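Student: Let me begin by handing over the structure; questions about it come next.
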Amino acid sequence: MSRTFTLRGGTMHAEITERSAALRVLRHGERDLVPSWPADGPIPYYSGTLLAPWPNRIAGASYTFDGRTHRPVANEEDRGNALHGLVAGVDWEAVEWLAVEDEHGSVRLAHTITPSPGYPFTVALQVLYSLTPEGLTTTLTAENLGDGPAPYGCGPHPWLLAGERVEDYELHVPASRVLLVDDRLLPRSLEDVSGTPYDFTTARTVGDTAVDHAYTGLLADADGQVRVRVSGPDGGVEIRWDASVLPWVQVCTGTVLDFRGLAVEPMTCPPDAFNSGTDLIVLQPGDKVETSWTISPI
């Protein structure tokens, strides 16, 4: 059975599991900032997992890279796509754990993606979760251990909690463009958010707006961080990151799902980047790339 690691920092409490290297619990005092799930049960809707070596979807579970066509498993069977990469359902290994009571704590986990028919590349991943009284910072590092270039993208999949009903949440997404999609949730056109139902550049209540879209043109605060915020009856939560490294964010209200929370997924690339090439990272042998994000109460 995979292990779970508890981190504490002031009034913050987090639990990280080796299964999927997932964030299973994040709590501020008595308030949950993300939905939790049973340690020995299924992980619902990728809650708290890491998405690599691609986030979101590969259309038709097929892509061509460096002159060769590859076909990963179509795990989004109803749409025929390859969804959310290869590491959300595997066990990672904890390689370092530090717990300092009431001050901070951290755990580092590792997993290596080995060649498969759908992704014939070797990429070593390490993730560091660090908890302080201010919030939980996650840092994901990828290194190409192979002898040829490898396509790569990543992101997290937290669901943020601010109450029971997402419809009652106030949402702020500081982004100027939204990627409109077809019925398979694949890219159709990149549009200015102004005049669309998906404009949350000024914080407003979600209401009956169903969102499952990627945004870009992210607007950073003075400290260089992009902040997506949700607030509601139970309080507020933000996730922040450097948009120069993670220039996209998927937002999903999940209103058709029987699940609490609103998903906010910073991403290095948009859906189907393995086919479009948009913001796709190509790791040369020995190359490393690091991404980081922080979840905090507000």
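Student: Is it the case, given these coordinates, that THR209 is free of Cβ contacts under 8 Å to residues at least 60 places away in the same chain and out of contact with any strand residue (DSSP E or B) (no Cβ under 7 Å at 6 or more places or on another chain)?
Tutor: Answer is yes for this residue.
Student: Give me a count of the residues in region 269-289 that are of a type outside the set (A, V, I, L, M, F, W, C) and part of a helix (DSSP H, G or I).
Tutor: Residues of region 269-289 of a type outside the set (A, V, I, L, M, F, W, C): 270-272, 275-279, 284-288.
Pick out the ones that are also part of a helix (DSSP H, G or I) and you get 275-276.
Number satisfying all stated conditions: 2.
Student: Now for a separate question. Quick test of your reading of the structure: THR114 fulfils all but one of (1) among the β-branched types (Val, Ile, Thr); (2) open to solvent by less than 50 Å² (accessible area, probe 1.4 Å); (3) without any contact (Cβ under 8 Å) to a residue 12 or more places away in the chain. Name the failing condition by number.
Tutor: All conditions are met except number (2).
Student: Which residues, taken from region 61-75, are in contact (Cβ under 8 Å) with a residue 24 or more places away in the chain, part of a loop (DSSP other than H, G, I, E, B) and open to solvent by 60 Å² or more (accessible area, probe 1.4 Å)?
Tutor: Passing the criteria: ASP66, ARG71, VAL73.
Student: Which residue is farthest from VAL127 (Cα to Cα), if the candidates are limited to region 288-298 and must be open to solvent by less than 60 Å² (accessible area, probe 1.4 Å) and of a type outside the set (Gly, Ala, Ser)? Give the steps one after another, and end with the answer.
Tutor: Keep residues of region 288-298 that are open to solvent by less than 60 Å² (accessible area, probe 1.4 Å), which gives 289, 291-297.
Narrowing further to those that are of a type outside the set (Gly, Ala, Ser): 289, 291, 293-295, 297.
On the way: VAL289: 12, THR291: 10, TRP293: 11, THR294: 13, ILE295: 15, PRO297: 22 Å.
By that ranking, first place goes to PRO297.
Student: Among the residues of region 229-242, write down those that are at pLDDT 95 or above and either closer than 14 Å to MET267 by Cα or part of a loop (DSSP other than H, G, I, E, B) (or both).
Tutor: ILE239, ARG240, TRP241, ASP242
Student: Right, another one. How many residues are open to solvent by 40 Å² or more (accessible area, probe 1.4 Å) and more than 19 Å from GLU170 (Cβ to Cβ) when one looks only at region 213-258?
Tutor: Summing the residues that are open to solvent by 40 Å² or more (accessible area, probe 1.4 Å) and more than 19 Å from GLU170 (Cβ to Cβ) in region 213-258 gives 10.
Student: Taking into account only those residues within region 131-149 that are open to solvent by less than 10 Å² (accessible area, probe 1.4 Å) and among the small types (Gly, Ala, Ser), which is nearest to PRO55 (Cα to Cα)? I'd like the intermediate steps shown before the answer.
Tutor: Within region 131-149, the first condition is being open to solvent by less than 10 Å² (accessible area, probe 1.4 Å), and the residues that meet it are 131, 135-136, 138, 140, 142, 144.
With among the small types (Gly, Ala, Ser) added as a condition, the list becomes 135, 142.
On the way: GLY135: 24, ALA142: 14 Å.
Per the criteria, the residue is ALA142.
Student: Of the conditions (1) open to solvent by 30 Å² or more (accessible area, probe 1.4 Å); (2) without any contact (Cβ under 8 Å) to a residue 60 or more places away in the chain, ALA124 fails just one. Which one is it?
Tutor: With respect to (1) open to solvent by 30 Å² or more (accessible area, probe 1.4 Å); (2) without any contact (Cβ under 8 Å) to a residue 60 or more places away in the chain, ALA124 is out only on (1).
Student: State the number of residues belonging to region 40-60 that are over 24 Å from HIS213 (Cβ atoms) and either open to solvent by 40 Å² or more (accessible area, probe 1.4 Å) or at pLDDT 95 or above (or both). Explain how you work it out, then say what you get.
Tutor: So in region 40-60, the residues over 24 Å from HIS213 (Cβ atoms) come out as 40-42.
Those left that are additionally either open to solvent by 40 Å² or more (accessible area, probe 1.4 Å) or at pLDDT 95 or above (or both): 40, 42.
Summing the residues that are over 24 Å from HIS213 (Cβ atoms) and either open to solvent by 40 Å² or more (accessible area, probe 1.4 Å) or at pLDDT 95 or above (or both) in region 40-60 gives 2.
Student: While we're here: For the structure I just gave you, tell me whether LEU283 is over 12 Å from PRO158 (Cα atoms), surrounded by fewer than 24 Cβ atoms within 10 Å (Cβ to Cβ) and modelled with pLDDT under 95.
Tutor: On the way: over 12 Å from PRO158 (Cα atoms): yes; surrounded by fewer than 24 Cβ atoms within 10 Å (Cβ to Cβ): yes; modelled with pLDDT under 95: no.
Taking the combined requirement at face value, the residue does not satisfy it.
Student: Moving to a separate point now. When you go through (1) crowded, with 16+ Cβ neighbours inside 10 Å; (2) not in a strand (DSSP E or B) one by one for ASP78, which number turns out not to apply?
Tutor: For ASP78, the exception is condition (1).
Student: Then there's this: Among residues belonging to region 150-202 that are open to solvent by less than 30 Å² (accessible area, probe 1.4 Å) and among the β-branched types (Val, Ile, Thr), point out the one that is farthest from ARG31 (Cα to Cα).
Tutor: Per the criteria, the residue is VAL181.
Student: Only one of TRP92, TRP97 is among the aromatic types (Phe, Trp, Tyr) and in contact with a Leu (Cβ under 6 Å, 6 or more places away or on another chain). Can you tell me which? Let's see the steps before the verdict.
Tutor: Values: TRP97 fails: in contact with a Leu (Cβ under 6 Å, 6 or more places away or on another chain).
TRP92 is the lone residue from the list that is among the aromatic types (Phe, Trp, Tyr) and in contact with a Leu (Cβ under 6 Å, 6 or more places away or on another chain).
Student: Being modelled with pLDDT of 95 or more, farther than 22 Å from GLU290 by Cβ and not in a loop (DSSP other than H, G, I, E, B) narrows it down to one of VAL251, VAL226, so name that one. Give the derivation first.
Tutor: Working: VAL226 fails: farther than 22 Å from GLU290 by Cβ.
Selected residue: VAL251, the only one of VAL251, VAL226 that is modelled with pLDDT of 95 or more, farther than 22 Å from GLU290 by Cβ and not in a loop (DSSP other than H, G, I, E, B).
The values are calculated or read from the model by the stated rules, or taken from the named source; none is laboratory data. Just so it is clear, the model here is predicted, and its values are computed rather than measured. Cβ atoms come from the backbone with ideal geometry, glycine included; neighbour counts cover every protein chain shown. Heads up: the accessible areas ignore ligands, DNA and RNA and are worked out on the full protein's heavy atoms, side chains in. Shrake-Rupley method; radii C 1.70, N 1.55, O 1.52, S 1.80 Å.
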